[in-house]
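First comes the structure, then the notes that go with it.
The values are calculated or read from the model by the stated rules, or taken from the named source; none is laboratory data. On a predicted model such as this, the values are computed, not experimentally measured, just so you know. Positions of Cβ are backbone-derived with ideal geometry, glycine not excepted, and every protein chain shown enters the neighbour counts. Ligands, DNA and RNA are excluded from the accessible area calculation, which covers all protein heavy atoms including side chains. Shrake-Rupley method; radii C 1.70, N 1.55, O 1.52, S 1.80 Å.
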Amino acid sequence: ESEASAVKALKLLDKKSGDQNNEVRVGLYNHLGMVNRVLNNYDNALFYYDKLLNIVKDSLSESKIYNNRGIVHLYQKKYNLASKEFEKAYQISWQLKDSLEAARSLDNLGYSQFKLKMERGLFNMLEALKIRKKINKPSDIYASYKHLSKYYLEHYDRINSLKYANEGYSIAKK
């Protein structure tokens, strides 16, 4: 129902023009991308994120879209494609000196690299955690702990896996 409402709203917007309508269109395309990802309609999610890339006018939005595209590829287990998207997102956010987005992209890049058995993955996830701790945004710190816990679990290091899982749990309880 949410998807149908968003599509209907886009059809209405097609009859109008203006910058304000473009902002609404961006929000709707992003919503449709997320909804389709959650529904495992990955091709549709990527379709809407591609539409977004064609209409956004700022680099920060581009970075977020590349990050979202990377997440879709993670769900598809297409880790090479995910890494490429996260790398683009990281480069843009780093150039913009946006620490929050850079950390998000770097953590996701590290996670996809870990899935590709690349040693650099752990380093990138730990660097992202350092940045996130400086910013002190609990939801993002939680995401780092979750990725690190999975990393250590897959590397048969139960002590570190449990350590990061417990850190994440303590943040989630707050």
Rounded to the nearest 10 Å², the 1.4 Å probe accessible area of Ser99 is 60
Around Ser139 (Cβ within 11 Å, Cβ-to-Cβ, excluding Ser139; K/R +1, D/E -1) the net charge comes to +4
The chain: spread of alpha-carbon positions along the three principal axes, whole Å, largest first, is 58, 34, 32
About its Cα centre, the chain carries a charge dipole, from +1 on Lys and Arg Cβ atoms and -1 on Asp and Glu Cβ atoms, whose size in debye to the nearest 20 is 320
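Would you mind computing the Rg to Rh ratio of segment 123-174 from its alpha-carbon coordinates, Kirkwood style for Rh?
Working: Rg = 10.4 Å, Rh = 10.8 Å.
Here Rg/Rh amounts to 0.97.
Between beta-carbons, use under 15 Å as the cut-off and find the net charge around Gly70, counting Lys and Arg +1, Asp and Glu -1.
Numbers: positive: Arg37, Lys64, Arg69, Lys77, Lys78, Lys84, Lys88, Arg104, Lys115; negative: Asp50, Glu62, Glu85, Glu87, Glu101, Asp107.
Summing Lys/Arg as +1 and Asp/Glu as -1 gives +3.
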Sites removed, the longest contiguous part of the chain containing no DSSP-loop GluC sites (Glu not before Pro) with at most 10 other Cβ within 10 Å is 2-118
Output for segment 67-174: chymotrypsin sites (Phe, Trp or Tyr not before Pro) sitting in coil per DSSP, at most 14 other Cβ within 10 Å, listed by number, reads Tyr156
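Averaged per residue, what accessible area in Å² does the chain show with a 1.4 Å probe, protein chains only? Please list the in-between numbers first.
Values: 10390 Å² over 174 residues.
Each residue of the chain exposes 60 Å² on average to a 1.4 Å probe.
Within 15 Å, Cβ to Cβ, of Lys84, how many net charges do the neighbouring residues add up to if Lys/Arg are +1 and Asp/Glu are -1?
Details: positive: Arg69, Lys77, Lys78, Lys88, Lys115, Arg120; negative: Asp50, Glu62, Glu85, Glu87.
For residues surrounding Lys84, the net value is +2.
What is the gain in length, in nm to one decimal, between Lys173 and Glu23 on full extension, counting 0.36 nm per residue of separation less the C-alpha to C-alpha distance? Write out the running numbers ahead of the final one.
On the way: separation 150, 0.36 × 150 = 54.00 nm, distance 3.50 nm.
Length gained between Lys173 and Glu23: 50.5 nm.
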Listed by chain and number, the lysines with an alpha carbon less than 23 angstrom from that of Lys115, same-chain partners under 8 positions apart left out, are Lys64, Lys77, Lys78, Lys84, Lys88, Lys130, Lys146, Lys150, Lys163
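Express in nm, to one decimal, how much length is gained between His31 and Asn136 on full extension, taking 0.36 nm for each residue of separation and deducting their alpha carbon distance.
On the way: separation 105, 0.36 × 105 = 37.80 nm, distance 2.66 nm.
Between His31 and Asn136, full extension yields 35.1 nm more.
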Share of accessible surface on carbon and sulfur in segment 41-174, whole %, 1.4 Å probe and ligands ignored, is 52
